[in-house]
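Presented below is the structure to which this report refers.
Laboratory data are not the source of any read-out in this text; all were calculated from the coordinates shown. Note that the structure is predicted; figures quoted are calculated from it, not measured. Note: ideal-geometry Cβ built from the backbone for every residue, glycine included; neighbour counts use all protein chains shown.
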């Protein structure tokens, strides 16, 4: 079945990040996350796991020429792309580094953010503790992380929808990290300032396919022998025909050092 055997490989990470950030819900939650940081001119800010620099320009604009922004990522390719995009931003510095061992001095920044990074981290608690170390007293940490255990795809075939959702959750190292942010932040010595649960809702099949990997991951489910090919093909055809609905919960948490 060609539709299920074509593109099972993971998408290009930069393209995927750009696509996610460009969706309506992506633009909305990012604006809310940065707004919750209460950035002021002159602030020093670190973006932990900055990727291709998606949010660095917004942060740089908020802190102004008097402030500074450090983008940290473990992937040199991501930083190379960020460097290309931020070449005209003298107040932005890029550093290769591990989120578990940030290349920053103690109490050296006023604000920090992490966006869809803790879901992949080997030790989210260690990352949060590192952010606590580098923040100055009263500094603010903004976190945005999904809870993939809440993913649901609407279809009459509940078995296939549920199996797909469980499979997606199983591809993420820290499936439920979104709901753990309050506990982890408190344990690291933060005072939690705000918690928002954002419903990420998809009504367009093609957009959902790009973000959730409907075709790609369901093909992998079939290849693993966990679902019948005919059932998955029929499921995809119904979803593509519409009306389409899928969603999951995304947590935005801000905490004060």
Task: Sequence of 251, 16 once ranked by neighbouring C-beta atoms within 10 Å, starting from the fewest - done: 16, 251
Task: Mean separation of Cα contacts under 8 Å, 6 or more apart, over the residue count of region 121-188: relative contact order % - done: 44
- [ ] Report, in degrees rounded to the nearest 10, the 0 to 90 angle that the Cα long axis of helix 76-85 makes with the longest principal axis of the chain.
- [x] 70
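Checking the a/c ratio against 1.5 first, then a/b against b/c, what shape does the Cα gyration tensor give for region 145-257? Numbers along the way, then the final one.
On the way: a/c = 3.47, a/b = 2.13, b/c = 1.63.
Since a/c reaches 1.5 and a/b is larger than b/c, the shape of region 145-257 is classed as prolate.
Between residue 19 and residue 228, what FRET efficiency comes out of the Förster formula 1/(1 + (r/R0)^6) with R0 = 25 Å and r the beta carbon distance, rounded to 0.05?
Details: r = 30 Å, r/R0 = 1.20.
According to the calculation, E is roughly 0.25.
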Task: Folded to 0 to 90 degrees: helix 177-187 orientation relative to the chain principal axis, Cα - done: 30
TODO: Can you tell me the FRET efficiency between residue 125 and residue 201 if r is taken as the Cβ-Cβ distance and R0 is 22 Å, rounded to the nearest 0.05?
DONE: 0.15
Open item on the list: What is the distance in Å between the Cα centroid of region 35-89 and that of region 214-241?
Closed with: 39
Task: Computed over region 181-249: relative contact order in percent, which uses C-alpha pairs under 8 Å that are six or more apart - done: 46
Task: Folded to 0 to 90 degrees: helix 229-241 orientation relative to the chain principal axis, Cα - done: 70
Task: Antiparallel DSSP beta bridges within region 2-256, percent to nearest 5 - done: 50
- [ ] Can you put 72, 211, 128 in order of Cβ neighbours within 10 angstrom, beginning with the fewest?
- [x] 211, 72, 128
- [ ] With a ≥ b ≥ c taken as the square roots of the eigenvalues of the C-alpha gyration tensor of region 41-120, please select rounded if a/c is under 1.5 and otherwise prolate if a/b is larger than b/c or oblate if it is not?
- [x] oblate
Task: Gap separating the Cα centres of region 171-198 and region 141-156, nearest whole Å - done: 13
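When a/c reaches 1.5 or more, the comparison of a/b and b/c decides; with that in mind, is region 32-180 rounded, prolate or oblate per its Cα gyration tensor?
Here region 32-180 falls in the prolate category.
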Open item on the list: Ignoring everything except DSSP H segments at least 4 long, calculate the 222 nm mean residue ellipticity for the chain; use -39,500 (n - 2.57) per segment, divide by total residues, nearest 500.
Closed with: -12500 deg cm²/dmol
- [ ] Before anything else, pin down the relative contact order of the chain: Cα pairs under 8 Å, at least 6 apart, normalised by residue count, whole percent.
- [x] 22
TODO: Starting with the highest mean, order 145-151, 75-81, 106-112, 85-91 by the number of other Cβ atoms within 10 Å, averaged over the residues of each peptide.
DONE: 145-151, 106-112, 75-81, 85-91
